[in-house]
Amino acid sequence: MIIVMKPTSTEKDICEISKALEQLGLGVHISKGTQRTIIGIIGDKSVLSDVPLELMPGVEKLVPIMESYKLAGKTFKPDPSVIDVGGVKIGGKELTIMAGPCAVENRDQIFAAAQAVKNSGAQFLRGGAFKPRTSPYSFQGLEEEGLKLLKEAAQAAGLKVISEVISEKTVEIAYQYVDMFQIGARNVQNFNLLREVGKAKKPVLYKRGPSTTVEEWLNGVEYIMSEGNYDVVLCERGIRTFETSTRNTLDVSAIPVIKSMSHLPIVVDPSHAAGKAQYVLPLSRASVAAGADGLIIEVHPNPRNALSDAAQQLTPEDFDILCKEISDIASLLGREFKYGNK
Ligand code: PEP
Ligand code: MN
């Protein structure tokens with residue numbers, strides 16, 4: 001349930017309602033919109049049966065929420081959220097580009113990648129240190145050593161750091177090295193892990209699973225948000241269909257669908273959707289045109305020698321072309337991306 005406050009309601013009215021709800025053991029989420037304030041009630045509403053909330057000062061109406069994803073849904077917060085990751089804002093006018101190799105492989109590789117993506121205008125360096133691979137015999141990542149290198153390379157280039165966590169233990173380890181946790185497609189319904197990053201109070205990029213519906217995805221994000229972490233960005237990375245010419249099928253429609261159902265920003269990973277470098281640019285164009293708030297792109301100084309996902313990683317040169325094009329498309333759409341090292 002949400003309480004919609006009158007435009008004339010005061011801070012005191014809001015405070016008194018929050019206090020009354022908290023005394024009943026309920027959680028309170030206050031969303032101050034451009035027009036009015038909305039108070040979201042979290043918890044077992046049965047305790048409210050004898051409480052005439054609608055008669056309290058400043059209350060306009062009570063609205064039941066039908067969706068199970070209350071915190072992520074638009075009823076709760078109609079205005080789009082902007083997630084601030086150490087000064088880089090995701091979901092505002094400016095597009096965010098996260099880029100870097102699939103995995104951190106060695107010092108030279110990650111430093112070269114960091115400088116290259118920075119030169120084209122990316123704001124984040126990505127790189128896996130804990131690699132969930134389809135086969136247990138494939139390269140599994142450099143773990144903590146990889147995170148150290150990732151952070152060093154990002155700091156040297158002036159970039160934020162994003163990296164995937166795959167378990168409670170890796171959340172603990174990664175906490176000191178990353179600005180943003182990534183939850184990978186394979187962990188989309190790993191609810192213990194979702195609760196863990198919810199408690200960790202650091203921004204989270206939450207990928208859609210290859211076989212999750214939008215509704216299941218939003219219910220997953222609710223696990224993170226219900227722990228008190230509202231700094232979440234969704235990431236569409238392709239879903240499994242009958243088509244085999246690409247690794248996955250990029251669900252471009254998920255972008256406007258998410259925008260109609262949720263206030264959270266959405267970025268797109270065309271690299272894992274396509275699985276082939278040649279399709280990354282057209283899918284990036286389509287994503288931005290459809291309203292994505294950013295992109296996460298795999299870039300390797302020498303893709304042919306990559307230890308994982310070699311076929312889909314862009315060279316720094318191709319990534320530079322992509323950034324230039326995205327900057328042009330962004331300005332046509334009334335958005336912005338600062339191409340180049342500014
Ligand atoms: C990744 O981004 O490195 C990755 C493994 O992607 P996904 O979880 O989308 O497969
Ligand atoms: Mn990869």
Taking region 82-122 and keeping only residues that are closer than 26 Å to Phe139 by Cα and among the charged types (D, E, K, R), one is left with Glu105, Arg107, Asp108
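Do you know which residues across region 53-110 are small (Gly, Ala, Ser) and within 16 Å of ligand 2 (Cβ to nearest atom)?
Step one: list which residues in region 53-110 are small (Gly, Ala, Ser), which gives 58, 68, 72-73, 81, 86-87, 91-92, 99-100, 103.
Across region 53-110, the qualifying residues are Ala99, Gly100, Ala103.
From the list Val288, Val267, Val233, exactly one residue is surrounded by 15 or more Cβ atoms within 10 Å (Cβ to Cβ) and within 16 Å of ligand 2 (Cβ to nearest atom). Which is it? Quick ask: steps written out before the conclusion?
Details: Val288 fails: within 16 Å of ligand 2 (Cβ to nearest atom); Val233 fails: within 16 Å of ligand 2 (Cβ to nearest atom).
Going through Val288, Val267, Val233 in turn, the sole match is Val267.
Return yes when Val267 is in a strand (DSSP E or B) and closer than 20 Å to Glu215 by Cβ and no when it is not. Steps first, please.
Details: in a strand (DSSP E or B): yes; closer than 20 Å to Glu215 by Cβ: yes.
Yes.
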Qualifying position, being within 25 Å of Gly40 (Cα to Cα) and in contact with a helix residue (DSSP H, G or I) (Cβ under 8 Å, 6 or more places away or on another chain), among Glu236, Glu227: Glu227
Does Glu222 qualify as being among the acidic types (Asp, Glu) and either open to solvent by less than 30 Å² (accessible area, probe 1.4 Å) or outside any loop (DSSP other than H, G, I, E, B) (or both)? yes
Applying the selection to region 159-186, what residues are assigned to a helix (DSSP H, G or I), within 16 Å of ligand 2 (Cβ to nearest atom) and open to solvent by 20 Å² or more (accessible area, probe 1.4 Å)? Arg186
Is it the case that Ser167 is under 23 Å from Ala277 (Cα atoms), of a type in the set (Gly, Ala, Ser) and either in the same structural domain as Ile224 (by TED's automatic domain parsing) or more than 13 Å from ligand 1 (Cβ to nearest atom) (or both)? no
Any chance you could count how many residues in region 187-218 are touching a Ser or Thr at 6+ places or on another chain (Cβ under 7 Å), part of a helix (DSSP H, G or I) and within 27 Å of Thr246 (Cβ to Cβ)? 1
For region 194-225, what are the residues that are out of contact with any Phe, Trp or Tyr (no Cβ under 9 Å at 6 or more places or on another chain), away from ligand 2 (no atom under 16 Å from the Cβ) and at pLDDT 95 or above? Glu196, Lys199, Ser211, Thr212, Thr213, Val214, Glu216
Any idea how many residues of region 191-211 are surrounded by fewer than 19 Cβ atoms within 10 Å (Cβ to Cβ) and in contact with an Asp or Glu (Cβ under 9 Å, 6 or more places away or on another chain)? 5
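For region 124-142, give me each residue that is within 17 Å of Phe111 (Cα to Cα) and either in a loop (DSSP other than H, G, I, E, B) or open to solvent by 60 Å² or more (accessible area, probe 1.4 Å) (or both).
First, pick out the residues of region 124-142 that are within 17 Å of Phe111 (Cα to Cα): 124-129, 141-142.
Gly127, Ala129, Gly141, Leu142, listed by residue number.
Being surrounded by fewer than 20 Cβ atoms within 10 Å (Cβ to Cβ) and either away from ligand 2 (no atom under 11 Å from the Cβ) or closer than 16 Å to Leu125 by Cβ (or both) is the filter here; which residues of region 302-315 pass it? Outline the logic, then answer.
Applying the first criterion (surrounded by fewer than 20 Cβ atoms within 10 Å (Cβ to Cβ)) to region 302-315 yields 302, 304-305, 307-308, 310-311, 315.
Passing the criteria: Asn302, Arg304, Asn305, Thr315.
Which of the residues spanning region 180-202 are more than 16 Å from ligand 1 (Cβ to nearest atom) and of a type outside the set (Asp, Glu)?
Of all residues in region 180-202, those more than 16 Å from ligand 1 (Cβ to nearest atom) come to 191-192, 195-196, 198-202.
Matches in region 180-202: Phe191, Asn192, Arg195, Gly198, Lys199, Ala200, Lys201, Lys202.
The values are calculated or read from the model by the stated rules, or taken from the named source; none is laboratory data. Just so it is clear, the structure is predicted and the values come from calculations on it, not from any experiment. A quick note on method: Cβ atoms are made from the backbone with ideal geometry, for glycine too, and the neighbour counts reach across all protein chains shown. Accessible surface is based on the protein model in full, side chains and every heavy atom, while ligands, DNA and RNA are left aside. Shrake-Rupley method; radii C 1.70, N 1.55, O 1.52, S 1.80 Å.
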